[in-house]
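A quick write-up on the structure given underneath.
The values are calculated or read from the model by the stated rules, or taken from the named source; none is laboratory data. Quantities reported herein were computed from a predicted structural model and do not represent experimental measurements. Glycine also receives a Cβ, built like all others from the backbone with ideal geometry; neighbour counts cover every protein chain displayed.
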Amino acid sequence: MNNPWLDISLSDYESHMSLPTVDQEVMTATEFSRIVSQFTPESVAVIGCAGGNGFDAIPASTRRVVGVDINKSYVARAAERYEKRIPGIEFHRADVQSDPLSFDPVELIYASLVFEYVSLPETLENLARVCLPGGHLVTLLQQPSTTMTALTPSPYTSIQSLSQIMRLVPPSECAEYAASAGFTLESEKRVTIKSGKSFLVQIYRKQEHSSPGQG
Ligand SMILES: C[S@@+](CC[C@H](N)C(=O)[O-])C[C@H]1O[C@@H](n2cnc3c(N)ncnc32)[C@H](O)[C@@H]1O
């Protein structure tokens, strides 16, 4: 099976995310902005960066910015939008659960609404290899709702193909796999948007010294 993300146009994805009934685009960008203000990292990697949602908030003090996405047309569009505006930005097309990530380790990794589509153990091991010791991984996970479907219905019907691979990840499961990859959970907070959907932001710290087998 082809990964359904490869067959969804960026325009469909971005239009879907900004629909009033979905309304997640601003929320994920706002959380990213809070995180970069909190950590003021010298280097940051955004995993599943799509078209660069939230990149406007990256401060000039962040000298290296890496965007990673499985869809090459998404990274190409993000590059068009941000290469001139953010010095030291680089983009990589990669499947984070299976492809080696070919960039130098960063202080902060932001993975928002992407763990729902990947195998966690492989992905977390991969991310551990590109996170500096003492650096942070921040995840944003969609939480189950008793009243709403995981994928909000919308006129952008291509989005519904994601139901083949989407799985809401229990935060405790994420924390377990993260711990095996060398990330310690430091804090978490719930964010609820107008539609009633909730999300959990988890902040992990990468251990200073790796154990054998850990990135
Ligand atoms: C729901 S969107 C989230 C976009 C952005 N992080 C945000 O919060 O606004 C998920 C993104 O992850 C990317 N993605 C999904 N699976 C991936 C994988 N295995 N490797 C890399 N990127 C992936 C998709 O192409 C898409 O751009």
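Give me the residue from region 107-120 that is among the aliphatic types (A, V, I, L, M) and crowded, with 20+ Cβ neighbours inside 10 Å and, out of that set, farthest from the ligand (Cβ to nearest atom).
So, considering only residues that are among the aliphatic types (A, V, I, L, M) and crowded, with 20+ Cβ neighbours inside 10 Å, the one farthest from the ligand (Cβ to nearest atom) is L108.
Filter region 20-33 for residues that are surrounded by 15 or more Cβ atoms within 10 Å (Cβ to Cβ) and touching a helix residue (DSSP H, G or I) at 6+ places or on another chain (Cβ under 9 Å); which is farthest from R81 (Cα to Cα)?
The extreme case among them is V22.
Those residues that are out of contact with any Pro (no Cβ under 6 Å at 6 or more places or on another chain) and assigned to a strand (DSSP E or B), I need them from region 191-201; list them, please.
V191, T192, S198, F199, V201
For region 93-143, give me each residue that is touching a helix residue (DSSP H, G or I) at 6+ places or on another chain (Cβ under 6 Å) and over 26 Å from M17 (Cβ atoms).
Answer for region 93-143, where residues must be touching a helix residue (DSSP H, G or I) at 6+ places or on another chain (Cβ under 6 Å) and over 26 Å from M17 (Cβ atoms): just P121.
Looking at region 96-106 only, could you name the residues that are within 9 Å of the ligand (Cβ to nearest atom) and in contact with a His (Cβ under 9 Å, 6 or more places away or on another chain)?
D99 - this is the single residue of region 96-106 that is within 9 Å of the ligand (Cβ to nearest atom) and in contact with a His (Cβ under 9 Å, 6 or more places away or on another chain).
Of these, P144, P171, P153, P133, which one is over 20 Å from V46 (Cβ atoms), under 16 Å from the mean Cα position of the chain (by Cα) and not aliphatic (A, V, I, L, M)? Show your work before the answer.
Values: P144 fails: under 16 Å from the mean Cα position of the chain (by Cα); P153 fails: under 16 Å from the mean Cα position of the chain (by Cα); P133 fails: under 16 Å from the mean Cα position of the chain (by Cα).
Within the list P144, P171, P153, P133, the selection yields P171.
Before we move on, is I159 of a type outside the set (K, R) and within 11 Å of the ligand (Cβ to nearest atom)? Steps first, please.
Details: of a type outside the set (K, R): yes; within 11 Å of the ligand (Cβ to nearest atom): yes.
Yes, satisfied.
Which is buried (at least 19 other Cβ atoms within 10 Å of the Cβ), within 13 Å of the ligand (Cβ to nearest atom) and of a type in the set (S, T, N, Q), of T152, T123? Quick ask: steps written out before the conclusion?
Numbers: T152 fails: buried (at least 19 other Cβ atoms within 10 Å of the Cβ).
Residue meeting the stated conditions: T123.
Which pairs turn up if I take residues in region 72-93 that are in contact (Cβ under 8 Å) with a residue 40 or more places away in the chain and look for partners that are within 15 Å of the ligand (Cβ to nearest atom) and in a loop (DSSP other than H, G, I, E, B) with beta carbon separation below 6 Å, at least 6 apart in sequence or on another chain?
The qualifying pairs are Y74/A50; Y74/G51; R77/G51.
With respect to T157, determine if the residue is modelled with pLDDT of 95 or more and within 27 Å of N2 (Cα to Cα).
Here the answer is no, as T157 does not meet what is asked.
Looking only at residues that are of a type outside the set (S, T, N, Q) and assigned to a helix (DSSP H, G or I) in region 143-164, which one is farthest from K194 (Cα to Cα)? Break it down into steps so the answer makes sense when it comes.
First, the residues of region 143-164 that are of a type outside the set (S, T, N, Q): 144, 148, 150-151, 153, 155-156, 159, 162.
Imposing the further condition that a residue be assigned to a helix (DSSP H, G or I) reduces the set to 159, 162.
Details: I159: 21, L162: 23 Å.
My answer is L162.
Give all pairs with beta carbons closer than 9 Å in which a residue from region 181-195 that is touching a residue at least 12 places away in the same chain (Cβ under 8 Å) and within 13 Å of L140 (Cα to Cα) meets a residue that is of a type in the set (D, E) and surrounded by 13 or more Cβ atoms within 10 Å (Cβ to Cβ); count only pairs at least 6 apart in sequence or on separate chains.
If the second residue must be of a type in the set (D, E) and surrounded by 13 or more Cβ atoms within 10 Å (Cβ to Cβ), the pairs left are V191/E31.
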